[in-house]
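These notes are about the structure you will find just below.
The values are calculated or read from the model by the stated rules, or taken from the named source; none is laboratory data. Here the structure is a predicted model, which means the values were calculated and not measured. With ideal geometry, Cβ positions are generated from the backbone for all residues, glycine too; neighbour counts draw on all protein chains shown.
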Ligand code: PSU
Ligand code: MN
C-alpha cells in the first residue's frame, strides 16, 4: 500500500537539509508574494533581500514553492529568478485548498502562508517569515458579507500547524478586528514586539491593541519557545511593526485601502484573485509607496525571523546561554 504523506513530495534544498540535520536555525519564506503579491522586478529584489536578511541574522533561508509536482523547500538562486520571472498566467497560487491542484499540474505555483506552512512543517522548520497574513475580508459597502464572505485558509492553518509565523500584522485590506477574533477562537496567540498596539502591515499601528505584547525579541523568543514546547499544535503569530522610515502614515493607508476595496466591489473581483488585485490597486493609488512599505516590512520580518530562529536553537541547548 502506498504511504500517504507530504514528505514524499518534498524536495529540500541540500543547504537547508544539512542545516536542519545539524540543528542550525532555518527560516521558511513564502512565495505567493513573489508570484502574485509584488510586481517584477521588486518581487525578485525582495525575495533575494529576504534570503540575505535571514543569512545576516545567522540562519539559513528556505523559500518554499511548487514546481512540476514537487514541493520545494529552499530554492537555488536560478530557481528563485525563474519563479519571479515566470509569465503570470502560468504560475498559480497554492493554498491548502488548492495544494493538490497545484501539485497535480506542471509548472510553478507560489505558496501562500497556509501552503508554505505545510511544506515548512513537513521539512522540520519552526520559523516562517511573511509580509502579512490573509484573514477575514471586509464586508461589502452595505455592511453585508454576502457574496464577499471570504476567510483566508491562512487562519485555519495557523490553528493546526505549529510554527512561529513572523508578519507585520494582518494585511490592512482585511477586517482586522474580525481576523483577530477568528485567531482567538481558533486558539492562535498573537503577540506584538515592542508596542502595545497591533502592527498594521503598511502602517505601524492597526488602530487596535495587540492581544499580547512583549518588549523585545528576547522576550518574543521565550514566549515562542514556551508556546511551541506545549505541543498544542497551533502556531504563534509574531507581529513586527513595519520599519518607521518606510511605513505609510495610517490615514494614507486607511484611505487607499478603503478606495481599493470599493473599487474591487465595483469591479466584481472576488476569491483568490482578490488579495493580489487589492495590493496592485493600492500600489497604484499610493504611487508605489505601498510597494516600498511592503518591501521593507517583508525584508525586516525575514531579519527578525532569522534572529528568532537563532535564539530558539540556543534555547534548545541546555547549559548554554
Ligand atoms: N503578504 C504580502 N503579500 C502577499 C501575501 C502576503 O505582503 O501577497 C499573500 C500571502 O501568501 C497570503 C495570501 O497567504 O496573500 C493570502 O491570500 P488569500 O487572502 O487569498 O488567502
Ligand atoms: Mn479567500
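Things to note:
- Only one entry in 260, 264, 253 is crowded, with 19+ Cβ neighbours inside 10 Å, modelled with pLDDT of 90 or more and in contact with a strand residue (DSSP E or B) (Cβ under 8 Å, 6 or more places away or on another chain), namely 253.
- Count - residues of segment 1-34 that are assigned to a helix (DSSP H, G or I) and either more than 16 Å from ligand 1 (Cβ to nearest atom) or over 21 Å from the mean Cα position of the chain (by Cα) (or both): 12
- In segment 34-45, the residues that are touching a residue at least 60 places away in the same chain (Cβ under 8 Å) and away from ligand 2 (no atom under 16 Å from the Cβ): 34, 35, 38, 39, 42, 45
- Hey, residue 60 in contact with a strand residue (DSSP E or B) (Cβ under 8 Å, 6 or more places away or on another chain), farther than 22 Å from residue 282 by Cα, more than 16 Å from ligand 2 (Cβ to nearest atom) and in contact (Cβ under 8 Å) with a residue 60 or more places away in the chain or not: no
- Residue in segment 189-211 that is nearest to residue 230 (Cα to Cα), counting only those that are touching a residue at least 60 places away in the same chain (Cβ under 8 Å) and part of a loop (DSSP other than H, G, I, E, B): 201
- Residues (within 12 Å of ligand 1 (Cβ to nearest atom) and under 30 Å from residue 214 (Cβ atoms)) located in segment 234-290: 242, 275, 279, 282, 290
- Looking across segment 256-282, just one residue is more than 16 Å from ligand 2 (Cβ to nearest atom) and under 16 Å from residue 32 (Cβ atoms), and that is 280.
- The residue that is nearest to the chain's Cα centre (by Cα), counting only those in segment 75-124 that are in a strand (DSSP E or B) and within 14 Å of ligand 1 (Cβ to nearest atom), is 111.
- Condition met for residue 164 (surrounded by fewer than 22 Cβ atoms within 10 Å (Cβ to Cβ), away from ligand 1 (no atom under 15 Å from the Cβ) and either at pLDDT below 95 or farther than 30 Å from residue 268 by Cβ (or both)): no
- Test: residue in segment 154-163 that is more than 20 Å from residue 118 (Cα to Cα) and either within 16 Å of ligand 2 (Cβ to nearest atom) or touching a helix residue (DSSP H, G or I) at 6+ places or on another chain (Cβ under 6 Å) (or both): no
- Residue 66 meets the stated requirement of being farther than 19 Å from residue 163 by Cα and either touching a residue at least 40 places away in the same chain (Cβ under 8 Å) or surrounded by fewer than 17 Cβ atoms within 10 Å (Cβ to Cβ) (or both).
- Residue match in segment 172-180 (condition: surrounded by 21 or more Cβ atoms within 10 Å (Cβ to Cβ), in contact (Cβ under 8 Å) with a residue 60 or more places away in the chain and either assigned to a helix (DSSP H, G or I) or within 16 Å of ligand 1 (Cβ to nearest atom) (or both)): yes
- Counting only helices (runs of 4 or more DSSP H) that sit wholly inside segment 224-321, those with at least 2 residues that are without any contact (Cβ under 8 Å) to a residue 60 or more places away in the chain and under 24 Å from residue 182 (Cα atoms) are 250-267.
- Residue, modelled with the highest pLDDT, within segment 125-160, restricted to residues that are surrounded by 20 or more Cβ atoms within 10 Å (Cβ to Cβ) and more than 14 Å from the chain's Cα centre (by Cα): 125
- Test result for residue 120, surrounded by 20 or more Cβ atoms within 10 Å (Cβ to Cβ), touching a strand residue (DSSP E or B) at 6+ places or on another chain (Cβ under 6 Å), closer than 29 Å to residue 309 by Cβ and touching a residue at least 12 places away in the same chain (Cβ under 8 Å): yes
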